[in-house]
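Right, one structure below, let's go through it.
The values are calculated or read from the model by the stated rules, or taken from the named source; none is laboratory data. Please read all numbers here as calculations on a predicted model, not as lab measurements. Using ideal geometry, Cβ is built from the backbone for each residue, glycine included, and neighbour counts are taken over all protein chains shown. Each accessible area value is taken on the protein alone, full model and side chains, heavy atoms only, with ligands, DNA and RNA left out. Shrake-Rupley method; radii C 1.70, N 1.55, O 1.52, S 1.80 Å.
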Amino acid sequence: MIMRRQANPIIMVAPYLPEYVAGSGSLAAAHKIESVVRILAKSGRRIIFINSAHISSDFASSSATRQTIGGVKVIQVTPFTLKWRPIGKALNILAASGLARRIARMQPSLVWIYNSYAFEGRMALLMSRRTGCRIVLEVEDLPRARRRGLLNLKPMLDSRYLRILGGCATLITCVNSSVQSRFQSVRTLLLPYIMSPFVKTDGRRPFGSTPYTLGYFGGLTREKGASLLLDLCRALPEHWKMVVTGRGDLAPALRLCAEKSSGKMQFFENVPDEKLFELLSRCDVVVNPHASIQAMGEGVFPFKVLEAVASGRLVISTELPPCSFDLSSNVITFDGTVPGVLQALENAPEFFDQNCEGLAATVGKVRSSLSEESIYETLKELEVLP
């Protein structure tokens, strides 16, 4: 272990799966975690990053190593892992007190946790009780938005920590306005997206020439609606083509679909940020076919929607929860079906021409208020960061 004592570091606890790690972890989550690390590093404090992802599929002892996350040098602490991940994660929760005791000796000034997962929540509460450090809870998913694990026990445990943290956190950042409305007695900050420094702000104007390009950038899972892309590729009009990127269990099927599409679909898996935003900037429209968010208690917000908006792209999306931005000029809502997408594609060029001024205005607001520098300044004003 190389975790030498350094006064008042900032602790971040999050399940981080970088893009080069195989698996179905969310790239959007990884990108947002990297952005938060860069924001925290602007304070000049050392970052100790506790990675709760349980990446290893075999036994591995706990470790502390120097790593780079989002371009920032951090000390990454990795709890032990077991071959059977659910048991390993459960034992990590039970062993959190020992790890929290060691890190508390450094007198951290702040602990920032990604969601109210039980391990993250327990670490934050233990360190705060020992040192009085501030807690920031970043709510990206409400615990009961998805079923997880045996008898859905994990969401129930996570919900308990959400209730406790909701009463003692210094700040809670919220992924949408519906989530924000649940916290009345604590300071909140709406944070549906953090603009990547790789966003291309000088991309070409959409609908300049055919064939037009429809893009998908996100998780390749059924929950994200990516199964729709398989049928959509076969039904695309002649003057449209598709580009698809991401990772998830539908990747093999989409790769095969692209190979058989005669150039109608391009498929890229786990592309670096620079490549992702280069591909995005070439699109005329980005599609978000996410499964019903209303059925998930409006407990999430698709990161890729504001990613596309910040890139100046028109979005075709299933219904979205409120996020404080007026997206009426940026988003065409559809019903989650292939015919619905095809109708939206037919209307897209005219919709863009009629709403380009409003679209550009919203793009400017997203870029100015959700840039990493802007969020850092907001956190300083709220006296969360030094």
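All told, residue 300 meets the bar of being open to solvent by less than 10 Å² (accessible area, probe 1.4 Å), under 19 Å from residue 32 (Cα atoms) and in a loop (DSSP other than H, G, I, E, B). With respect to being open to solvent by 10 Å² or more (accessible area, probe 1.4 Å), at pLDDT below 85 and part of a helix (DSSP H, G or I), residue 28 fits the description. Kindly indicate whether any position in region 307-322 is more than 29 Å from residue 357 (Cα to Cα) and not small (Gly, Ala, Ser). The answer is no; no qualifying residue exists. Within region 346-363, residues that are closer than 16 Å to residue 313 by Cβ have Cβ atoms under 9 Å from residues that are aromatic (Phe, Trp, Tyr) and part of a helix (DSSP H, G or I) in these pairs: 359/352, counting only partners at least 6 apart in sequence or on another chain. Mind telling me which of the residues 367, 282, 313 ends up being touching a residue at least 40 places away in the same chain (Cβ under 8 Å), in contact with a Cys (Cβ under 6 Å, 6 or more places away or on another chain) and either among the aromatic types (Phe, Trp, Tyr) or more than 30 Å from residue 159 (Cβ to Cβ) (or both)? Sole residue among the options that is touching a residue at least 40 places away in the same chain (Cβ under 8 Å), in contact with a Cys (Cβ under 6 Å, 6 or more places away or on another chain) and either among the aromatic types (Phe, Trp, Tyr) or more than 30 Å from residue 159 (Cβ to Cβ) (or both): 313. Only one of the listed residues (235, 251, 291, 308) is over 23 Å from residue 370 (Cβ atoms) and in contact with a strand residue (DSSP E or B) (Cβ under 9 Å, 6 or more places away or on another chain). That residue is 251. Filter region 356-372 down to the residues that are of a type in the set (S, T, N, Q) and either open to solvent by 40 Å² or more (accessible area, probe 1.4 Å) or part of a strand (DSSP E or B) (or both), then identify the one that is nearest to residue 38 (Cα to Cα). Ranking the candidates gives 371 first.
Conditions (1) closer than 30 Å to residue 273 by Cα; (2) under 22 Å from the mean Cα position of the chain (by Cα); (3) not in a loop (DSSP other than H, G, I, E, B), marked per residue:
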site: 83; (1), (2), (3): no, no, no
site: 103; (1), (2), (3): no, no, yes
site: 116; (1), (2), (3): yes, yes, no
site: 119; (1), (2), (3): yes, yes, yes
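The number of residues in region 63-76 being open to solvent by 60 Å² or more (accessible area, probe 1.4 Å) and in contact (Cβ under 8 Å) with a residue 40 or more places away in the chain comes to 1. Residue 129 falls short on exactly one of the conditions (1) without any contact (Cβ under 8 Å) to a residue 12 or more places away in the chain; (2) surrounded by 20 or more Cβ atoms within 10 Å (Cβ to Cβ); (3) not hydrophobic (A, V, I, L, M, F, W, C), and that condition is (2). Does any residue of region 335-354 turn out to be of a type in the set (Ser, Thr, Tyr) and either open to solvent by less than 40 Å² (accessible area, probe 1.4 Å) or part of a helix (DSSP H, G or I) (or both)? The answer is no, given that none of the residues of region 335-354 is of a type in the set (Ser, Thr, Tyr) and either open to solvent by less than 40 Å² (accessible area, probe 1.4 Å) or part of a helix (DSSP H, G or I) (or both). Does residue 324 satisfy being touching a helix residue (DSSP H, G or I) at 6+ places or on another chain (Cβ under 9 Å), surrounded by fewer than 22 Cβ atoms within 10 Å (Cβ to Cβ) and in a helix (DSSP H, G or I)? Criteria not met by residue 324.
Listed by first and then second residue, the pairs with beta-carbon distance under 8 Å, at least 6 apart or on different chains, first residue in region 35-49 and more than 12 Å from residue 73 (Cβ to Cβ) and open to solvent by less than 10 Å² (accessible area, probe 1.4 Å), second in a strand (DSSP E or B) and of a type in the set (Ser, Thr, Tyr), are 36/114. When 48, 33, 93 are checked against the criterion of being part of a strand (DSSP E or B) and closer than 28 Å to residue 132 by Cβ, a single residue qualifies: 48.
Yes or no: region 373-384 includes at least one residue that is out of contact with any Phe, Trp or Tyr (no Cβ under 6 Å at 6 or more places or on another chain), over 18 Å from residue 236 (Cβ atoms), part of a helix (DSSP H, G or I) and β-branched (Val, Ile, Thr). Within region 373-384, one or more residues are out of contact with any Phe, Trp or Tyr (no Cβ under 6 Å at 6 or more places or on another chain), over 18 Å from residue 236 (Cβ atoms), part of a helix (DSSP H, G or I) and β-branched (Val, Ile, Thr). Note on region 167-268: enclosed helices (runs of 4 or more DSSP H) holding 3 or more residues that are surrounded by 14 or more Cβ atoms within 10 Å (Cβ to Cβ) and in contact (Cβ under 8 Å) with a residue 40 or more places away in the chain are 177-180, 228-235.
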